[in-house]
Amino acid sequence: MIDQHALQVLEYPKIRDRLAAHTSNAVGRDFALELEPLSYPETVVRRLQETREARWLRDTTSGLPLGGIFDVREALERARLQVRLTGKELVDIRSTIVAAHRLRAFLLDRRENVPLLAEMAANLPLFPHIDSRIEAALTETGEVRDTASTELARIRHQMRVTHNRLMDRLQSIVTSERYRPFLQDSIITLREGRYCLPVKAEHARAFGGIVHDTSQSGATVFIEPEVTISLGNELKQLSLEEEHEVDRILRELSRMVGDRHTELQRMISILGHLDLVHAKAILAEEMRAIEPRLNRRGVVKLRKARHPLLTGNVVPIDFEIGERCTVVLITGPNTGGKTVTLKTIGLLTLMTLAGLQIPAEEGTEIALFEQVFADIGDEQDIQQNLSTFSAHLKNIVHILEHLVSNSLVLLDEIGAGTDPAEGAALAKAILEYLREREARVVATTHYGELKEYAFSTPGVENASVEFDRETLSPTYRVLQGVPGSSHAFTIAARLGLPEEILQQARASLSKREVEASQLIEQLEQSRRNAAIAEQAAMAARAEAERARAEYQERVRQVAEVQRTVRQQAQEEARRILSHASEKAENILKELQRLNRGARKGASARQKLKALREEVYAALEPAPIEPTEPAPAHHVYRRGDWVRIPALQLEAQVLEEPKNGEVVVQVGAMRATFPVDQLRPLTKAPTTQPSPTSHTTSSASEIALRKALQIAPELTLLAMRVDEALSLLERYLDDAYAAGLDKVRIIHGKGTGALRRAVHQFLTDHPLVASYRLGTAEEGGDGVTIVELKG
């Protein structure tokens, strides 16, 4: 178990309080308030994975469905002791059972992404009998249903009948002219479980019956009429029978719950743990936390870590211990953030061991320490009459007595509270003792001797919290490798201490102390300047890398678009050409079958074949050249021809290279490319197309345009018969070649001569399957619809 004193001084209980605030039920809250950091590696790894899985659920869904869970632990314990539970307690137990069943199904459906949580859900026991029995017997408010038993149904039915008879009799008295003068008011009231009427006090004796109550003034007496006493007795008897039957039913249900007490308690425990895990995920989101990497080497690496209890503009810290050093001494002025640094290191370690994610950035690493110790703050104990020094020393003695090698030890102002020389010597001895036992130690101090100890001792490193001398305020940034100074003289001067006092103070310092102080200040300034330069260099490098990546992505996208467009165009052209060629072949076959132009048909087929081969060759994509390595030390000159492999284009250099880039002319476009993206050409490319390629392109273009632009109808209006039939013959050939199934011939009505000539021509035509006059919607007798052969 982690040292309890360390938990308190590092404010771990406050983290538990924040965690508990995010739970959804009392069971989960108790689990959160009892959550302890553990040093067992397997347990820590499992806890962190549970939190990671819960965060995944919140990122992909609304999180765990935890509604309907009640803290029924006390009720279950009473059921185990055979105490009768109330209807509300039993309904809460059923609600929790139903919630467990729902949660179980939810997690098992997502077991691939949340294996640990699904494993817990699989261990949730099911209680279908208890669920159905309570649901059948009780309403949602815990009232026993009439249908809970046959006897209860009979009793309540009889009660309703008796109650109605009783009300009828009382109502008849209230509305009776005979009794109206006796009544104070025309109402029926309940007194001591009996139904009564308000009678004027002076008429009580004359009215008759049993007096159950009187008003405060004594003017009204509440009397149960004599004629309703027997019905009242019967209703009372039935009411007692109802109570006994309800009690019997609740006892039966309570015994059923008590018999499964152990399994129900296990269910509650699992539900509480799932609620805790869900709260961990919510807290991690709230803190913008990450899961740190774990190690067993005693290494802590914090990247932009923030103290989780600080609010406002928190300055993140970077810190390392465990690799190049095992002891870090942090120095600097008071209120400079040294103690906050100690607490941040310690608290984030404790949170990790508790399975909590921590507010830091990726790259953060936490060691699986077996023990964490801390001596921080004002430890003066008035009750034990111990001074600050004695209280600190008492804590240190406790640490040394329980120390193990894999420990993290945090010491605030080590050796303070006593004579500086003796305190520094004692602090040095304690640090050396801890270092020899391989503990990881972070300590704060003001002692200059300890800064020298850190410089001269292997495995010990100085660190400081940066201080702005201009504003006399800390920046809260931790600088490792550089000791800090107290800045006492600077602060005193800024606050108005007379210069003669400052000069006297400086004179009292030894030459060695002055030189050491000046050296430390120079180191601080150098480290600050180096950090600024490093940040600027990193920013510039990141910007350069971003620009380079963006440029390369744009080049890739241009090449990809060009390849895609070329491929699509080639595929579309191939499809159209293939379809046209197929139709042309059909025409030739039909002509040969009719023994018309057989020789011409063979010649035409040969020409068609040659044309198709030429067009296919023209459409064939150019082979993609393998990208050869860029020639070493090649110098590009203005006017040189180059190849751009990424775009499969050739270009001419317009300007000589500058800063690794060159301007080239690509067709009608100027563009700038990195030198390593170009390859030299030994001679200028041939840009004029050959006559053969031009002829091929023109022939294929004409053939394809003819197939694509043929109209689905032909107009022959006002034409002579011979002219019309010549045009009709060419049109039918083109329509058939284009693959049309049906065409519309517009010849008009007129005298009918043109229509008859067209019909006679269509009757003998080899490409016509059938024809008919158009319908009224299609144009009537002035139009002929022709069906072409397939």
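For the stretch 31-48, a residue qualifies if it is surrounded by 17 or more Cβ atoms within 10 Å (Cβ to Cβ) and either farther than 22 Å from I366 by Cβ or not β-branched (V, I, T) (or both), and the qualifying residues are F31, A32, L35, P37, S39, R47, L48. Among the residues of the stretch 313-341, those that are surrounded by fewer than 24 Cβ atoms within 10 Å (Cβ to Cβ), under 17 Å from K301 (Cα atoms) and not β-branched (V, I, T) comprise P316, D318, F319, E320, G322, E323, R324, C325.
Do we find that S254 is of a type in the set (G, A, S) and either modelled with pLDDT of 95 or more or assigned by TED's automatic domain parsing to the domain that holds L85 (or both) in this structure?
yes
Just one of the listed residues (L727, L767) is in contact with a strand residue (DSSP E or B) (Cβ under 9 Å, 6 or more places away or on another chain), under 30 Å from R575 (Cα atoms) and buried (at least 17 other Cβ atoms within 10 Å of the Cβ), and it is L767. Return the residue satisfying two criteria in turn: it lies in the stretch 50-59 and is surrounded by fewer than 17 Cβ atoms within 10 Å (Cβ to Cβ) and in contact (Cβ under 8 Å) with a residue 12 or more places away in the chain, and of such residues it is farthest from G355 (Cα to Cα). Per the criteria, the residue is R58.
So that you can scan it fast, the table gives a plain yes or no per residue for (1) charged (D, E, K, R); (2) out of contact with any Asp or Glu (no Cβ under 9 Å at 6 or more places or on another chain):
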position	(1), (2)
T141	no, yes
A148	no, no
R160	yes, yes
Q171	no, yes
P181	no, yes
P198	no, no
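Being in contact with a strand residue (DSSP E or B) (Cβ under 6 Å, 6 or more places away or on another chain), under 22 Å from Y40 (Cα atoms) and not aromatic (F, W, Y) is the requirement here; does L274 meet it? No, not satisfied. Against the numbered list (1) over 19 Å from R720 (Cβ atoms); (2) outside any loop (DSSP other than H, G, I, E, B); (3) among the β-branched types (V, I, T), T775 comes up short only at (2). Just so you know, in the stretch 738-778 the residues that are out of contact with any helix residue (DSSP H, G or I) (no Cβ under 6 Å at 6 or more places or on another chain) and of a type in the set (K, R) include one that is nearest to T715 (Cα to Cα), and it is R744.
When each of T141, T147 is tested for being assigned to a helix (DSSP H, G or I) and within 30 Å of R248 (Cβ to Cβ), the lone residue that passes is T147.
A quick yes/no check of all residues on (1) of a type in the set (A, V, I, L, M); (2) assigned to a strand (DSSP E or B):
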{"site": "L725", "(1), (2)": "yes, no"}
{"site": "E729", "(1), (2)": "no, no"}
{"site": "L732", "(1), (2)": "yes, no"}
{"site": "A735", "(1), (2)": "yes, no"}
{"site": "R744", "(1), (2)": "no, yes"}
{"site": "Y771", "(1), (2)": "no, yes"}
{"site": "D781", "(1), (2)": "no, no"}
{"site": "V786", "(1), (2)": "yes, yes"}
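For the stretch 190-204, the set of residues classified as surrounded by 15 or more Cβ atoms within 10 Å (Cβ to Cβ) and in a strand (DSSP E or B) consists of R191, R194, Y195, C196, L197, P198, V199, K200, listed by residue number.
Report every pair of residues separated by at least 6 positions or lying on different chains whose Cβ atoms are under 6 Å apart, first residue within the stretch 105-125 and under 13 Å from L57 (Cα atoms), second of a type in the set (D, E, K, R) and not in a helix (DSSP H, G or I). Hits for this filter: A118/R111. Of note, V45 does not satisfy the criterion of being β-branched (V, I, T) and touching a strand residue (DSSP E or B) at 6+ places or on another chain (Cβ under 6 Å).
Any residue that is basic (K, R), surrounded by 14 or more Cβ atoms within 10 Å (Cβ to Cβ), touching a residue at least 40 places away in the same chain (Cβ under 8 Å) and within 30 Å of T139 (Cβ to Cβ) - is there at least one of those in the stretch 227-236? No - not one qualifying residue is present in the stretch 227-236.
The stretch 365-482 holds no strands (runs of 3 or more DSSP E) entirely within its bounds that carry 1 or more residues that are closer than 27 Å to Q4 by Cβ, at pLDDT below 90 and not assigned by TED's automatic domain parsing to the domain that holds F319.
Counting only residues that are surrounded by fewer than 17 Cβ atoms within 10 Å (Cβ to Cβ) and not acidic (D, E), how many does the stretch 102-116 have?
Qualifying residue count, the stretch 102-116: 6.
The values are calculated or read from the model by the stated rules, or taken from the named source; none is laboratory data. No experiment lies behind these values; they were computed from the predicted model shown. Every residue, glycine as well, gets a Cβ built from its backbone with ideal geometry; the counts of neighbours run over all protein chains shown.
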